[in-house]
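The values are calculated or read from the model by the stated rules, or taken from the named source; none is laboratory data. All values derive from a computational prediction rather than experimental measurement. Here the Cβ positions follow ideal geometry from the backbone for every residue, glycine too, while neighbour counts run over all protein chains shown. Accessible surface is based on the protein model in full, side chains and every heavy atom, while ligands, DNA and RNA are left aside. Shrake-Rupley method; radii C 1.70, N 1.55, O 1.52, S 1.80 Å.
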Amino acid sequence: MAGGAIIAVATLKGGSGKSTLASCLAAHWRLAGGQPALIDADPQRSLVRLARREQALAGVPVIENSRGTVVATAREEALRHSPVIVDTAGFRTAATLAAMTVADLVVVPVKPSPLDVDVMLDTADALFSGQEGRRLKFRCVLTQTTRDSVIARHIRSELVGAGFPLFESELVNRIAYGEAALFGATPSMTEPRGAAAREIAALAEEVEQALSEARAPHES
């Protein structure tokens, strides 16, 4: 993966699997031989707590910073890690906006529920446009889904119809995520051949492609 890449995982509503998504991507890339880092910019400190458990997210470094200095921290970590994944708060904060501004790509987890999508549709334009005079590059990903369920298909169609770019891969609601988290791990670590690990790998590949496309104008 290109050096210095920064990804912000941001939500407009809590409970959408933001920290799970960030930790799973980071652990996947670590196990694949990469050098990712996580910045925990969420006051709930979910990633910091996971990193203190037995398997410590496969050794992915976790830096805590929920203040406005998160941009400086992300840029500093990007000098020696790639990607740097910033896990933001589940609501609008100065640190969240700053992290999105510095990110090459913003990944937005969305639960397949009418309430989550309503919040997304109501506030996304204000959140994703006009930051320092540029349009932020972002992709949505459905999390905690029941694959091919009526509601998942409906929510996907609604997001696409509203013009929101959406990854094809989804993170299905599986017990493997919660069980792995008990040990500070992810399914890629505890069940590397399992269905959850395959979903994470597929999503990671899509994220890498989107990140490459997002960074291309800056690298040409």
Top-ranked residue of the range 191-217 - restricted to ones that are among the acidic types (Asp, Glu) and within 16 Å of the chain's Cα centre (by Cα), ranked as surrounded by the fewest Cβ atoms within 10 Å (Cβ to Cβ): GLU205
Subset of the range 90-115 (residues that are in a helix (DSSP H, G or I), within 17 Å of GLU64 (Cα to Cα) and not β-branched (Val, Ile, Thr)): ALA94, ALA95, LEU97, ALA98, ALA99, MET100
Qualifying residue in the range 66-79 (condition: within 22 Å of PRO192 (Cβ to Cβ), open to solvent by 10 Å² or more (accessible area, probe 1.4 Å) and in contact (Cβ under 8 Å) with a residue 40 or more places away in the chain): no
Qualifying residue in the range 36-48 (condition: in a helix (DSSP H, G or I) and either open to solvent by less than 20 Å² (accessible area, probe 1.4 Å) or among the aliphatic types (A, V, I, L, M) (or both)): yes
Residues of the range 141-199 satisfying the condition of being at pLDDT 95 or above and among the basic types (Lys, Arg): ARG174, ARG193, ARG198
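Condition check ((1) at pLDDT below 95; (2) more than 17 Å from LEU203 (Cβ to Cβ); (3) out of contact with any Cys (no Cβ under 8 Å at 6 or more places or on another chain); (4) among the basic types (Lys, Arg)) across all residues:
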site	(1), (2), (3), (4)
LEU25	no, no, yes, no
HIS28	no, no, yes, no
LEU31	no, no, yes, no
LEU50	no, yes, yes, no
ILE63	no, yes, yes, no
GLY68	yes, yes, yes, no
HIS81	no, yes, yes, no
Flag if ARG52 is open to solvent by 70 Å² or more (accessible area, probe 1.4 Å) and of a type outside the set (A, V, I, L, M, F, W, C): yes
Search result, residues across the range 1-19 that are open to solvent by less than 10 Å² (accessible area, probe 1.4 Å) and part of a loop (DSSP other than H, G, I, E, B): ALA5, ALA10, THR11, SER16
Count - residues of the range 181-190 that are touching a helix residue (DSSP H, G or I) at 6+ places or on another chain (Cβ under 8 Å) and either without any contact (Cβ under 8 Å) to a residue 60 or more places away in the chain or open to solvent by 50 Å² or more (accessible area, probe 1.4 Å) (or both): 2
Residue match in the range 91-101 (condition: of a type outside the set (Asp, Glu), open to solvent by 10 Å² or more (accessible area, probe 1.4 Å), under 16 Å from the mean Cα position of the chain (by Cα) and more than 15 Å from LEU12 (Cβ to Cβ)): yes
Selected residue (only one of ALA22, ALA58 is in a helix (DSSP H, G or I) and crowded, with 24+ Cβ neighbours inside 10 Å): ALA22
Some residue of the range 194-208 being assigned to a loop (DSSP other than H, G, I, E, B) and in contact with a Lys or Arg (Cβ under 6 Å, 6 or more places away or on another chain): no
Subset tally (residues that are under 24 Å from ALA8 (Cβ atoms), in contact (Cβ under 8 Å) with a residue 12 or more places away in the chain, among the aliphatic types (A, V, I, L, M) and part of a helix (DSSP H, G or I)) for the range 132-174: 2
Residues of the range 20-45 that turn out to be closer than 16 Å to GLY59 by Cα and out of contact with any Phe, Trp or Tyr (no Cβ under 6 Å at 6 or more places or on another chain), as a count: 18
